[in-house]
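Before we start, here is the structure in question, set down as structure tokens.
Nothing in this text is a laboratory measurement; each read-out follows from the coordinates by a stated rule. If you're wondering where the values come from, they're calculated on a predicted model, not measured in any experiment. Cβ: placed from backbone, ideal geometry, glycine included. Neighbour counts: every protein chain shown.
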Amino acid sequence: MEDLLKTFKQSTNNTGSLTFIEAQRDVPFEIKRVYYIYNVAGNARRGFHAHRELKQFLICISGSCSVDLNDGTTTRTVRLQDPNIGVYVGPKMWHEMYDFAEGTVLLVLASGYYSEPDYIRNYEEFLQFVKSE
Ligand code: TYD
């Protein structure tokens with residue numbers, strides 16, 4: 001699995017930090033949707049799906065969480081804990097998020113509008129889909 005972590009540009013001075021992300025420049029897609037996950041219980045696990053076409057970047061803009069990324073062959077775990085580092089979750093990548101610190105806000109930049117048919121929520125179906133491509 002190639003390196004999926006990206007450090008975004010940041011402007012920091014003695015008053016604080018500012019991170020900026022431009023579509024098609026800093027992320028490899030046009031951003032059509034932004035959503036964020038918060039108020040997550042420390043023992044909760046989310047995700048458990050892959051997408052057929054959707055491309056996303058996950059960024060913990062506050063707090064921290066772990067993400068398992070599985071391409072059907074290899075599983076990689078990343079810990080998101082820096083507001084200017086994101087992880088790319090492309091199509092055909094089974095992902096699960098867990099170990100959320102209290103107060104975490106996980107920001108997601110997505111290449112498409114919400115579409116339930118783009119989700120693969122069954123792991124066996126995911127493995128079949130990866131193999132068939
Ligand atoms: P889901 O993607 O399953 O969340 P997670 O992967 O974090 O467990 O989404 C949870 C619910 O929210 C699901 O019923 C669909 C709905 N939803 C939308 O309506 N629009 C959206 O943009 C997203 C991301 C989810």
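Given the DSSP H assignment, sum -39500 (n - 2.57) over each helix run of at least 4 residues in the chain and divide by its residue total; what's the result at 222 nm in deg cm²/dmol, nearest 500?
Value at 222 nm, helices only: -2000 deg cm²/dmol.
Which ordering of 55, 131 is given by a fewest-first count of other beta-carbon atoms within 10 Å? Intermediate results must be reported in sequence, preceding the final value.
Details: 55 19, 131 8.
Going from sparsest to densest Cβ surroundings: 131, 55.
Which net charge results for the neighbourhood of residue 77, defined as the other residues with beta-carbon distances under 12 angstrom from its beta-carbon, given Lys and Arg at +1 and Asp and Glu at -1?
Net charge around residue 77: -1.
Between 0 and 90 degrees, rounded to the nearest ten: what's the tilt of helix 123-132 against the longest Cα principal axis of the chain?
80
Once the other residues with Cβ under 11 Å from the Cβ of residue 21 are scored (Lys, Arg +1; Asp, Glu -1), what is the net sum?
Values: positive: 6, 9, 25; negative: 22, 26.
With Lys, Arg at +1 and Asp, Glu at -1, the net is +1.
When a footprinting reagent is the concern and you count Cβ atoms within 10 Å, what order do 6, 32 take, fewest first?
Working: 6 16, 32 13.
In order of increasing Cβ crowding within 10 Å: 32, 6.
Would you order 109, 18 from fewest to most other beta-carbon atoms within 10 Å of each residue's own beta-carbon? Working shown, then result.
Values: 109 21, 18 11.
By the 10 Å Cβ count, ascending: 18, 109.
As a test of the definition: which semi-axes, in Å, follow for the chain when you take the square root of five times each eigenvalue of its alpha carbon gyration tensor? Largest first, please.
Here the semi-axes work out to 25, 17, 13 Å.
Give, in nm to one decimal, the length gained when the segment between residue 102 and residue 132 is fully stretched (0.36 nm per residue of separation minus the Cα-Cα distance).
My answer for the length gained is 6.8 nm.
While we're on this one: Taking the chain, how many lysine pairs are there with alpha carbons less than 15 Å apart, if each pair must be eight or more places apart or span two chains?
Lysine pairs, 8 or more places apart or on different chains, close enough: 4.
Continuing with this model, one more query. Say R0 is 35 Å: what FRET efficiency, to the nearest 0.05, do residue 116 and residue 13 get from their beta-carbon distance?
Step by step, r from the Cβ atoms, then E = 0.20.
Quick one: if you stick a label point 7 Å off each Cα along the C-beta vector at residue 20 and residue 75, how many nm between them?
Roughly 4.0 nm, to one decimal.
What residue among 65, 120, 104 has its Cα farthest toward the positive end of the dipole of the chain, where the charges are +1 on Lys, Arg and -1 on Asp, Glu, each on the Cβ?
104
Calculate the spin-label point distance for residue 66 paired with residue 53, positioning each point 7 Å from the Cα along the beta-carbon direction, and give it in nanometres.
3.4
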